[in-house]
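Visitor: Please see the structure below; I have some questions.
The values are calculated or read from the model by the stated rules, or taken from the named source; none is laboratory data. Predicted model only: the values in this text are computed from it and were never measured. Cβ: placed from backbone, ideal geometry, glycine included. Neighbour counts: every protein chain shown.
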Amino acid sequence: MMQNKIQKAFGQICADDALKDTTKKAVLEKAYGKQVRKPFATKRIYSYGLLASFALCCIIFMGKYLYFTPTAVISIDVNPSIELDVNRFDQIIGVEGYNEDGQELAASLDVLYKDYESALSEVLEAQWMQDYLQEDEMLSIAVVQTEEKQGAEILDYVKNCTGKQKNTYCYCLDSEDVSEAHALGLSYGRYRWYKEISLYDSQITPEELNQMSMREIRELFLSVKDGNMQNENGLHQGNGNQYGRGNGKGMHASDR
């Protein structure tokens, strides 16, 4: 090789080492048409490459964190109970079912990575939803917010979509108020009613509520509330009022 021949030739020259090195470097640069980089320059370029790679990894990590962190949740409850996780970019990043019907529905929906407006339209306009509403069922839509502005915008959109639909309840919840919901296996919407009913009936369980439609839950709430008010006023409780259970059987308020 040419480089070996050059080094062999310089080995026969009588001169100090510094002069040999300088001359050899000039010859090599001339022969290969490029500069011979100094060791410290190579190390500097390597360091810059590592810093650039680290910065890129940080950007990718932060991007994923921002995209896949929910900043709002839309809890939709009829009989199926599902929740749509919304990120700060108004896109759906998660779908979860909180009862048997809800789990089947969540598996069938194609709303991931769509904006929440498109996702809500798909859910509210679906045939199964129309069938429930035609049967005079109650629809509950709760918007759970971690960022107030986004939560308010989603709630306004939900109200506009459901404004002409009877038996529809739309409201906003603070995430701190419902931190226990998922631990009990309840959607946020059902948990709201669970808290209300528990004020009058401490024996009600989350499992019972998950087997009931939202209309049945509301009827149960009104029944136990009315029964409690009558009890406080010393009125007779054997009036035969009933409320529906998830298994289709009625239960008298006095039976509890």
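Visitor: Condition first: modelled with pLDDT of 90 or more and outside any loop (DSSP other than H, G, I, E, B). Now tell me which residues in segment 136-148 satisfy that.
Guide: LEU139, SER140, ILE141, ALA142, VAL143, VAL144
Visitor: Search segment 109-136 for residues being within 14 Å of ARG215 (Cβ to Cβ) and acidic (Asp, Glu), and hand back the single one that is surrounded by the fewest Cβ atoms within 10 Å (Cβ to Cβ).
Guide: Checked segment 109-136; the qualifying residue surrounded by the fewest Cβ atoms within 10 Å (Cβ to Cβ) is ASP136.
Visitor: With LEU120, LEU133 as the choices, which residue is under 16 Å from the mean Cα position of the chain (by Cα), assigned to a helix (DSSP H, G or I) and closer than 15 Å to GLN165 by Cα?
Guide: Just a single option satisfies the conditions, and that option is LEU120.
Visitor: Something else now. Is it true that some residue in segment 144-157 is free of Cβ contacts under 8 Å to residues at least 40 places away in the same chain and under 16 Å from ILE76 (Cβ atoms)?
Guide: Yes, the conditions are met somewhere in segment 144-157.
Visitor: Scan segment 170-189 for residues that are at pLDDT 85 or above, closer than 20 Å to GLY97 by Cβ and in contact with a strand residue (DSSP E or B) (Cβ under 6 Å, 6 or more places away or on another chain) and jot them down.
Guide: Across segment 170-189, the qualifying residues are LEU173, SER187, TYR188, GLY189.
Visitor: With the checklist (1) surrounded by 12 or more Cβ atoms within 10 Å (Cβ to Cβ); (2) at pLDDT 90 or above; (3) in contact with a Lys or Arg (Cβ under 9 Å, 6 or more places away or on another chain) in hand, flag the one item MET251 doesn't pass.
Guide: The one condition MET251 does not meet is (2).
Visitor: Would a scan of segment 87-94 turn up a residue that is out of contact with any strand residue (DSSP E or B) (no Cβ under 6 Å at 6 or more places or on another chain) and surrounded by 14 or more Cβ atoms within 10 Å (Cβ to Cβ)?
Guide: Checked segment 87-94: no residue is out of contact with any strand residue (DSSP E or B) (no Cβ under 6 Å at 6 or more places or on another chain) and surrounded by 14 or more Cβ atoms within 10 Å (Cβ to Cβ).
Visitor: Checking the conditions here, which among LEU139, LEU155, LEU173 is in contact with a Leu (Cβ under 7 Å, 6 or more places away or on another chain), in the same structural domain as LEU105 (by TED's automatic domain parsing) and surrounded by 16 or more Cβ atoms within 10 Å (Cβ to Cβ)?
Guide: Checking each option against the conditions leaves just LEU139.
Visitor: On to the next question. For segment 88-107, indicate whether the set of residues that are polar (S, T, N, Q), farther than 28 Å from ILE217 by Cα and at pLDDT 95 or above is non-empty.
Guide: Yes.
Visitor: Go through segment 166-207 residue by residue and tally those that are within 17 Å of PHE221 (Cα to Cα) and assigned to a strand (DSSP E or B).
Guide: Within segment 166-207, residues that are within 17 Å of PHE221 (Cα to Cα) and assigned to a strand (DSSP E or B) number 2.
Visitor: Still on this model: So is ALA106 in the same structural domain as VAL178 (by TED's automatic domain parsing), among the aliphatic types (A, V, I, L, M) and surrounded by fewer than 22 Cβ atoms within 10 Å (Cβ to Cβ) or not?
Guide: Judged against the criteria, ALA106 is a match.
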